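What follows is calculated from the coordinates using simple rules that are stated; it is not laboratory data. Everything quoted here is computed from the prediction, not taken from an experiment. Positions of Cβ are generated from backbone atoms using ideal geometry, with glycine treated the same way; all protein chains shown enter the neighbour counts.
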Amino acid sequence: MDIKNKFLKVLAEKYPTRQAACREIINLNAILNLPKGTEHFMSDLHGEYEAFYHIVNNCSGVIREKIRYLFDDKLSELEQQELCTLIYYPKEKLQLLENQKALSDDWYRMTLYQLIEIAKLLSSKYTRSKVRKAMPADFSYIIDELLHVQKDEDDNQVHYHLKIMDTILMIHNGDEFLIALADLIKRLAVDHLHIIGDIYDRGTSADKIMDLLMAHHSIDIQWGNHDVLWMGAACGNPVCAAQVIQSNLKYQNPSILENEYGICLRELVIFAQKTYRESDPMKASFQAMTVILFKLEGSLLKDHPEYGMADRLLLEYINPDMGDFSKDGKTYNMRQTDFPTLDESNPYQLTLKEDEIMENLRLDFLHSSRLKEHMTFLYEKGSVYKVYNQNLLYHGCVPLDDQGNFDIIELYGKKYKGKDYFDYVDSMIRKAWNGNKNAIDFMWFLWGSIKSPLTGRRIRTFERTWLLDSTAWDEEKNPYYSFYKDEKTCNMILRDFGLYSDQSHIINGHTPVRAKDGELPIRANGKLIVIDGGFCRRYHDTTGIAGYTLIYNSHGLRLKAHQPFESVQKAITENLDIDSDSVIVEEEKQRVMVKDTDIGQQIQEDLNDLTELLKLY
Ligand SMILES: O=P(O)(O)OC[C@H]1O[C@](O)(COP(=O)(O)O)[C@@H](O)[C@@H]1O
Ligand SMILES: [Mn+2]
C-alpha cells in the first residue's frame, strides 16, 4: 500500500462510514465560512500588572463598544459603565453592590438578561460547539440553552427560559451564574492574544502578569530584551542575573526578587553596608551590584570577542582615587565615586566575597521553582518571532546594515541574515535552557548588542548609571530604525519570512510612541505598526498617552490608543475605565473569514483528505 492509501486507511478509522465523512465535511465547511476570530496584540507590559489586568478585562475597549451598540438607547451612560465594570470585575463589583444593598431579584433578572444579550452578540461569529467549549463547565448547558432562544407561536421557549432564571435565583446561584457569563463574554471578545515582548522589569509585578498569562485560553509571546534577560538569569548566566538585580534595585523593587522568586538579597545587603560608604542599605546594595555587574560583563565579553562588544570594557577607565572616568581624551564626573573593591591592575576580577555572593544569587535564580514555572511557560509559548495569519510579529528589529540591506552576522564560522538569523537566535535561546554553556553566555549578547533582534541598540547601562554627563547616554540604534519607515524595507523583510500578501504587516514592540509629539504608530505606508503598550508609568510623560494595543478582527486592523490607568480599586468603586480612542489602520474590502486564516488553511487540508476518502466509499 502506498503512503497515501495508508493515510486514508488511518483516516477511515476516524470516519468509518460515508455519512461520518460527509458530516465532517459539512461541519468544516461551515467553520471556514465564519468570520475570523479576534486577535489582540499587546506589548511592553513592564510589570504593570493592574493596567494590564484592566486591558485584558476590558478587552482593549471592545466590551464597552458592544454595550454601547446594544444598549445605547436603553441605558444611561452611568448604567452602561456599571455594566462594563460588572463584566470586568464581577466578583468585586457584586461584593460592592451587596454592601450597598443594591442587589435584588429584579436586578439579577435584568442584569443576567443584559449579559446574555452581550454573550449572544459576541458568540454569533463562532460555531455553537466552539462557544460551548469556551463556557465554564458548570453552566455550559444552561448558557447554551439561553443563548439560543427561538421564538415559537406560544412563546414556549421564552417561558422556559424565564423558568430557568427563576430557578437560578431561587437557589441563590445568581452570583456564580453571573460570573460565569462575564467570563464567557471576555473569553469570546478576544479569541487569541499576542504579547510582543517585555513582560518584565520596571513595574513591580511581572510575576502576577505571568500568572495571568498562564491562565489565558489562547496566547503566543515574542520574547523581548527584558524577558530574555530574565531567561538568561534563569538559565544560570551570572551577568544576566546581576543586571536583573541591579535594575530591580534601581526601581526599588526588591520584592519581586525576594518575595516572589525567592532570590535572597540578605548577604548582598550586609556586604554592601559593610563595604560602601553609602548608609542607605538599598542604595549601598545597588552600588555593590552595579560594580559586580560591570566586572562580570567585562569578563564575559573578554571570553567572547565574536560578540563585537569590546567597547563595553569600561571599568579600566575609572580613576578610583579621583572618582572620575577618562576615555578617548575626555574626562567625566561620576555619580558613584566609591569603589572599594576595584583593583586597578585587574578591574574585571570579583573579590572573593563578591564572587561568593554572586554565585549564591546565581544559584537562587537557577533553583527558584516559581521562576522555573514562569520561564518554562515563556519557553513553551514564546519565540523570537511569529508568523500568524500573514503578519510577522517580533519585539525588536531585523538587523540591517548602513545601506538598509540585511546585516550579515557571523558567529562561529557561519553567516546569518534575516529570517535565518532569527531562527539561529531562537535555537540558541532554547539551547541555553538545555544548559549549553556557549548559548547561556549568548543570552547576554541578546540583551546588550545593537545586532540583537530583541534589542537593536548599543546598551549603555554603564554610562546611564554612572556618568553625570547625559550626552554620553545616547544608545546608538540599529539602522533598522531608520529604514523601517520605508515600505520597500518592510516588504524585503516580509518576503524573507515568506510573506507576499498585500495583507501582511510587521507588528513591532519595543519603542514607545511619542504621541504627544505627533508621532504615529503606523509606519511604511501601513506596512509596519509599532505597538508599545506604554504600560510603563515612567514613560507616560514622554509619550503623552499610556500606549497602544492592536485589534485584528474580520473587519480589519484597528489601533486603540489608551489613556493612563489609575487603579483597579478605582475602576471598581468609581467605574473608571481606560479611555481608548480607536484608529482604523486598515479596513478589509471583504470580511476576513476563517478560510482566510492559518487555521482555515489547516481545515482546508483536512477537507481535501476527507474528500479523497469520500471517493473510496
Ligand atoms: O529607562 P530605564 O529603566 O532606566 O532603562 C533604560 C534602559 O532600558 C532600555 O531602554 C531597554 O528597555 P526597553 O526595551 O524597554 O526600551 C535600554 O535601552 C536602556 O539602557
Ligand atoms: Mn524592549
Length gained if E487 through E176 is fully extended, taking 0.36 nm per residue and subtracting the Cα-Cα distance, is 106.8 nm
N237 neighbourhood, Cβ < 10 Å, K/R = +1, D/E = -1, net charge +1
Of all DSSP beta bridges with both partners in the chain, the antiparallel percent, nearest 5, is 70
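Return the calculated 222 nm mean residue ellipticity for the chain, to the nearest 500 deg cm²/dmol, obtained by summing -39500 (n - 2.57) across DSSP H runs with n ≥ 4 and dividing by the residue count. Could the numbers behind the result be given before it?
Values: 26 runs with 307 residues, N = 617.
Computed ellipticity for the chain at 222 nm equals -15500 deg cm²/dmol.
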A student applying the Cα gyration tensor rule (rounded when a/c is under 1.5; otherwise prolate if a/b is larger than b/c, oblate if not) would label segment 438-564 oblate
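Is the shape of the chain best called rounded, prolate or oblate, per the rule: a/c under 1.5 gives rounded, else a/b larger than b/c gives prolate, else oblate, with a ≥ b ≥ c the square roots of the Cα gyration tensor eigenvalues?
Prolate, because a/c is 1.5 or more and a/b exceeds b/c.
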Measuring from its Cα centre, segment 184-310 shows a charge dipole (+1 at each Lys and Arg Cβ, -1 at each Asp and Glu Cβ) which, in debye to the nearest 20, is 380
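Excluding A51 itself, what net charge comes from residues whose Cβ is under 10 Å from its Cβ, given Lys and Arg +1 and Asp and Glu -1?
The answer is -2.
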For L467, other-chain or 5+-apart residues with amide H closer than 5 Å (H placed, Pro excluded) are R335
If one compares the long axis through the Cα atoms of helix 487-496 with the longest principal axis of the Cα atoms of the chain, the angle in degrees, nearest 10, works out at 80
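At 0.36 nm per residue, minus the direct Cα-Cα distance, what do E519 and N434 gain on full extension? Give it in nm, one decimal, please.
So the chain would gain 26.4 nm between E519 and N434.
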Here the gain from full extension of N27 to W473, 0.36 nm per residue of separation minus their alpha-carbon distance, amounts to 154.6 nm
In this structure, among K419/K527; K125/K615; K250/K372; K516/K570, pairs with alpha-carbon gaps over 22 Å are K125/K615; K250/K372; K516/K570
Within the under-12-Å Cβ sphere about F177, not counting F177, Lys/Arg +1 and Asp/Glu -1 give a net charge of -3
Longest principal axis of the chain (C-alpha) makes with the long axis of helix 225-235 (C-alpha) an angle, in degrees to the nearest 10, of 80
FRET efficiency for Y113 and K9 from the Cβ-Cβ distance with R0 = 60 Å, rounded to 0.05, comes out at 0.70
Between D502 and E306, Cβ-based FRET efficiency (R0 60 Å, step 0.05) works out to 0.90
If one compares the long axis through the Cα atoms of helix 369-381 with the longest principal axis of the Cα atoms of the chain, the angle in degrees, nearest 10, works out at 70
For the Q604, R538 Cβ pair and Förster radius 51 Å, calculated FRET efficiency rounded to 0.05 is 0.60
Per the charge dipole of the chain (beta-carbon charges, Lys/Arg positive, Asp/Glu negative, Cα centre), the residue among G224, Q273, M428 reaching farthest to the positive end is M428
